[in-house]
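The values are calculated or read from the model by the stated rules, or taken from the named source; none is laboratory data. Keep in mind that this is a model prediction, so the values were computed, not measured. Quick reminder, even Gly has a Cβ in these numbers, built from the backbone with ideal geometry, and neighbours come from all protein chains shown. Please note that ligands, DNA and RNA were not included when accessible areas were found on the heavy atoms of the full protein model with its side chains. Shrake-Rupley method; radii C 1.70, N 1.55, O 1.52, S 1.80 Å.
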Amino acid sequence: MVRAETATQNTMKVRKMASKHIIIIGAGAAGIRMGIQLREMGITSFQIVEKDDSVGGTWRDNTYPGVACDVPAQYYCYPFAPNTTVKNTFATGSQLWDYFQDIATRFEIDGHIRFGVEVTDAEWVAGRWKLTTTDGEILHADIVIGAVGRLRVPHYPVIEGLDDFGGPVVHSARWDKNLSLEGKRVGVIGNGSSAVQIISATVDSVGHLDVYQRTAQWVYPWKNKEIDPEELERARTSDSEAIRAYDRARDTFRALFEGIAAGADAEKRNAACVDALNSVKDPVLRAKLTPDYPVGCKRLVVSGTFYDAIQRPNVSVVTERIARVEREGIRMADGALRPLDIIVLATGFHADSYLRPMRVTGEDGMTLDDIWSDVFLNYNSIALPFMPNFFMVNGPFSPGGSISIIEIIETHVNYVARLIDRVVRDHVEIAPKIERSEKFVHDARERAKKTIWYTGGCSSWYLDANGVPLVNPLTSTQLEELMRDVVFSDFNVRPAQVEVAT
Ligand code: NAP
């Protein structure tokens, strides 16, 4: 463990704080990190409520074959706790799950977590938050932090007859660990990042693989190499070497992808994608796999194995429209039936769920649905008007695409910590002003309209119902700049209504 103090670097000195009760919802990468921050601030009167039975969020939930993180492992970690155990460029899902479990223990977060507690409602009542759980339990908090993750609610496609299929139907994010694909006729619907990992991991063991592709994807060919064992050993035994490895991995990642939204530095990136596509020998297959939109319009898939896997003789890329699912398999629009044993839905997530389905009711009876009825009104992706002392990590208009989520969490947590510091120190209630929230959303949307995500003419999970990106095209440096100072004049700050124990 190194540089634990960096967590508070830009915020405040460690000290004992008067206690207000704080509830963090979610024990994934964001919730754990928030807990670490609170402890460093001297706040121990907090609880993390987690609906499941362990920490780790996405890396607990996603257990499909081949699940891995396509951000280099030496960068996909908290900067103050470098991952020095991974042996390859990219960590597997279970290695990352281990990492976050280890962090929760090392930083003494475990004792703050209550597992199996799912919050359905949060209501602001007389100056405090009243939370209701699925079990009907009532919890009270002075401050709430929604750290629920973004790609969390699976998207199940509406396909006629899906329930009538004779074999198992499994979503990539809800994998059945007892399901064997060995020798089976497997149909994978979708060809995004999850599907590509599943295809590469299972092609050798399945009997036949049908890939039902609606839209071709660009794939950036980044090989998963073994990290030089000597470099690993240096990082394991020297904090400064571990930090150097983190910095190197971060810089490599940024150099490749940071300009993607703006279409900057595209030449090398595009050429690598085109070269990889051109490795497909069969011109008919290559034509099927060729996207009709620019590289980076959708979230770029990263895989050093996909084009090899997709050319195997036991793989078919099916581009005909799916008409319906029947007991024996998938009936295509041209009338052909493709017999299958197992259907895999690699069909992504409802990326616009954010805190929902949780219901949040703030001042004047204003609900989350009220303030999100038109656009996703919020301030800096971390606070909501009408919702005093309610904060988020990775809320609407957070950056994405070209930044590691861990970096976003780091910046958001540091910012939220300064708001909490003010709430606790000055015993106040704090919520962003409506007009400042509107300005944040307006600026983010206008910025996003200049990006390749919007102008590229593709559909993706980046876009809202009106086709405008919900992802903020900020580089990490720009995000840090935006969130460097807390502008308290952008908030309504008033004395707390309730007495608080010290
Ligand atoms: P996704 O990128 O949203 O891909 C969903 C796929 O399902 C697309 O190919 C989509 O086709 C297809 N699809 C959806 N509904 C369909 C329908 N009704 N009929 C036919 N096809 C349908 O989902 P994902 O692959 O799970 O990835 C989501 C995000 O998770 C990624 O972009 C990435 O940010 C993250 N992720 C990261 C990693 C990692 O290594 N770090 C790994 C996995 C996922 P269209 O393109 O035509 O819509």
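Stretching T63 away from R327 to a fully extended chain increases their span by 92.4 nm, per 0.36 nm per residue minus the current alpha-carbon distance. What the Cβ-Cβ distance of E182 and A336 gives, at R0 = 30 Å and to the nearest 0.05, is a FRET efficiency of 0.70.
Bridgeable lysines around K281 (alpha carbons under 27 Å apart, same-chain partners fewer than 8 residues away excluded): K184, K223, K225, K268, K298. Taking every protein chain into account, the 1.4 Å probe leaves H442 with about 100 Å² of accessible area, to the nearest ten. Under the simplified labelling scheme, the D282-M366 pair shows an inter-label distance of 5.7 nm, with each label point 7 Å from Cα along Cα→Cβ.
A crude spin-label estimate for the pair D102 and D275, with each label 7 Å from Cα along the Cβ direction, gives 3.4 nm.
Could you tell me whether region 128-286 comes out rounded, prolate or oblate from its Cα gyration tensor? Rule is a ≥ b ≥ c as square roots of the eigenvalues, rounded for a/c under 1.5, then prolate if a/b exceeds b/c, otherwise oblate. Oblate, because a/c is 1.5 or more while a/b does not exceed b/c. Shown for the chain: cysteine residues without a partner Cβ closer than 4.7 Å, namely C69, C77, C273. Rounded to the nearest 20, the size of the Cβ-charge dipole of the chain about its Cα centre is 580 debye, with Lys and Arg at +1 and Asp and Glu at -1. When the alpha carbon coordinates of the chain are projected onto the principal axes, the ranges are 70, 53, 44 Å, largest first.
The phi torsions of region 265-277, fed into the Karplus equation with coefficients 6.51, -1.76 and 1.60 and a -60° offset, translate into couplings of 6, 7, 4, 5, 4, 4, 4, 4, 5, 5, 4, 5, 4 Hz, rounded to whole numbers, with Gly and Pro shown as x.
Could you work out what % of the accessible surface of the chain is carbon and sulfur, using a 1.4 angstrom probe and leaving DNA, RNA and ligands out of the count? That fraction is 48 percent. Largest first and in whole Å, the equivalent-ellipsoid semi-axes of region 8-145 read 29, 20, 10, each the square root of five times a Cα gyration tensor eigenvalue. Helical content alone sets the calculated 222 nm signal of the chain at -8500 deg cm²/dmol, taking -39,500 (n - 2.57) per DSSP H segment of four or more residues and averaging over every residue.
A dipole drawn for region 141-199 from +1 and -1 charges on Cβ atoms has a positive end, and of V169, V188, H155 the residue lying farthest that way is V188. The calculated FRET efficiency for R248 paired with D292, based on their beta-carbon distance and R0 = 45 Å, is about 0.80.
Using the Cα gyration tensor of region 99-183, with a ≥ b ≥ c the square roots of its eigenvalues, what is the shape: rounded (a/c below 1.5), prolate (a/b larger than b/c) or oblate (neither)? It comes out oblate by the Cα gyration axes. Length gained on full extension, D164 to E230, computed as 0.36 nm times the residue gap minus the Cα-Cα distance: 18.3 nm. The Rg/Rh ratio of region 297-434, with both radii computed over alpha carbons and Rh defined as the Kirkwood radius, is 1.17. Spin-label model, Y156/R214: points 7 Å from Cα along the beta carbon direction are separated by 1.6 nm. Average accessible surface for the chain: 42 Å² per residue, computed with a 1.4 Å probe over protein heavy atoms with every protein chain in place.
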